[in-house]
1. Does Val401 fit the bill of being β-branched (Val, Ile, Thr), out of contact with any strand residue (DSSP E or B) (no Cβ under 9 Å at 6 or more places or on another chain) and under 15 Å from Val312 (Cα atoms)?
2. Can you find even one residue in region 123-133 that is farther than 29 Å from Tyr212 by Cβ and open to solvent by 50 Å² or more (accessible area, probe 1.4 Å)?
3. For region 390-432, give me the residue count where each residue is farther than 30 Å from Asn76 by Cβ and either at pLDDT 95 or above or among the small types (Gly, Ala, Ser) (or both).
4. Go through Thr165, Thr98, Thr150 for me and flag whichever is assigned to a strand (DSSP E or B), touching a residue at least 24 places away in the same chain (Cβ under 8 Å), of a type in the set (Ser, Thr, Tyr) and open to solvent by 20 Å² or more (accessible area, probe 1.4 Å).
5. Closer than 30 Å to Gly103 by Cα, small (Gly, Ala, Ser) and touching a residue at least 40 places away in the same chain (Cβ under 8 Å), is that true of Ala208?
6. Let me confirm something: among Thr375, Thr364, which residue is more than 17 Å from Gly282 (Cβ to Cβ) and at pLDDT below 95?
7. Would you check which residues across region 378-402 are more than 16 Å from Ala343 (Cβ to Cβ) and of a type outside the set (S, T, N, Q) and list them?
8. Just checking, does region 272-282 include any residue being in contact (Cβ under 8 Å) with a residue 24 or more places away in the chain, within 13 Å of Ala182 (Cβ to Cβ) and hydroxyl-bearing (Ser, Thr, Tyr)?
Amino acid sequence: MKALSSSTFLTLWKSTLGIAVSLAMTASAAHAAAGALDTTFGKGGKTETTFNLSVIPSDAILQADGKTVVATGFDNTRIATEAFGLVRYNKNGSLDQTFGTKGSVFTSFTNFINAPAALALQSDGKIVVAGNASSADGQTSEFAIARFNTNGTLDTSFGTGGKVTTNFVGVMLGGVRNPANAIVIQSDGKIVAAGLASQCEDCDQNTALARYNTDGSLDTSFGTGGTVSMIAIGEVRGLALLSTGEILAVGTNVTSLAQFTSNGVLEPGVISGTIVASSKVGGIVFQSDSKILLGGAATDNATNRHDSDVSVTRFSSTGVLDATFNAPLFDFAPETAFVTNAAQAVAMQPDGSVVVGGLSGSGTTAFGMARLSSTGVLDTTFGSGGTLTTKFNSADQVTAVLIQSDGKIVAVGQTLNSKGIADLALARYLGK
């Protein structure tokens, strides 16, 4: 048999090695457990973006093309103490250079605090952001709504230059609070925002809603001139639209519920109905069957530490605790000392499984993630016994969780870099 030349042997060896590596990588990916970092995203499943300005992420949404849009405040910008901002990522975790300026955009309503709270995506791809705008002297606080085109520019067909503010409380000397915390878009394109209206710290905490036409003007067929402000459930944290056209509002505690007619009249009681659209901010999520999930934290009295554990509870559409949901208290990671664990974001998979994100740690924290079955039992096929943690730098925390159409899970939050600046941090996990 003729001997191979050294060059031919080297070529064959490289080819064989390449095939072996490829097969090994394929096998590794095929056998990776649910909850493992998705190595096709960012660097090893994680991406960290520094803007040399601290970010305060609040909400995130997935576009139909798989891109992720994050609503975040930007601290100490040239235009405001905190600016209203958006950042968009490609499906592989890289910044979308076609959006805004190299992937991000920010604007302001005042030169002081402009804090985005909630996102909604219109059917035409435009992005609506709701939050709060306040003045440095503390005399002004109001709903702040901005609409952005698909490329990140402000939509000048909306309000004034793409922005709208709504004041429920007037101009008062100190202590006014008038934030919009939740937003939903009706099938006719009208926008409903809800939050709080209070003239001072000790004043009435009014439930506040506003409905806007597609051009940003107040819809005068709703409430009084387009707004509703009344004693009901206090500050609204979640919103749902019912198939009947009525609106379901959830307070800071899920047992606080109020239902409004399609023209903004408070119903005498909550009768709920089929939910057709809802906000997904933070730890409040509406299930398709109208039940409501609440993620948070509770004191663990089962140990001598009495520290903070993750709490996930479920309520009926009328605010009654659902006894069929296990509602466990748990930690994101094993612990032997006083440690803070808290759920700050909840999302639902199509099969009814509940994905929870938050923070875990003492002093320095990590991304905390968990998955529960539809009955509230930790899913042992996810992570380690149903939970996991992911470390970036320090002061890591999850503020939003998204479920992709392929089942992968995106956690959005922040991390403190070595310069003490809060960066935007994302991680993507395998869902199955």
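1. Criteria not met by Val401.
2. no
3. Result for region 390-432: 10.
4. One residue alone meets the criteria, Thr165.
5. no
6. After applying the criteria, what remains is Thr364.
7. Gly385, Lys391, Phe392, Ala395, listed by residue number.
8. Yes, region 272-282 contains at least one residue that is in contact (Cβ under 8 Å) with a residue 24 or more places away in the chain, within 13 Å of Ala182 (Cβ to Cβ) and hydroxyl-bearing (Ser, Thr, Tyr).
The values are calculated or read from the model by the stated rules, or taken from the named source; none is laboratory data. The structure presented is a predicted model; accordingly, all values stated were derived computationally and were not measured. Because the Cβ atoms are built from the backbone with ideal geometry, glycine has one as well, and the counts that use them run over all protein chains shown. Accessible surface areas use protein heavy atoms only, side chains included; no ligands, DNA or RNA. Shrake-Rupley method; radii C 1.70, N 1.55, O 1.52, S 1.80 Å.
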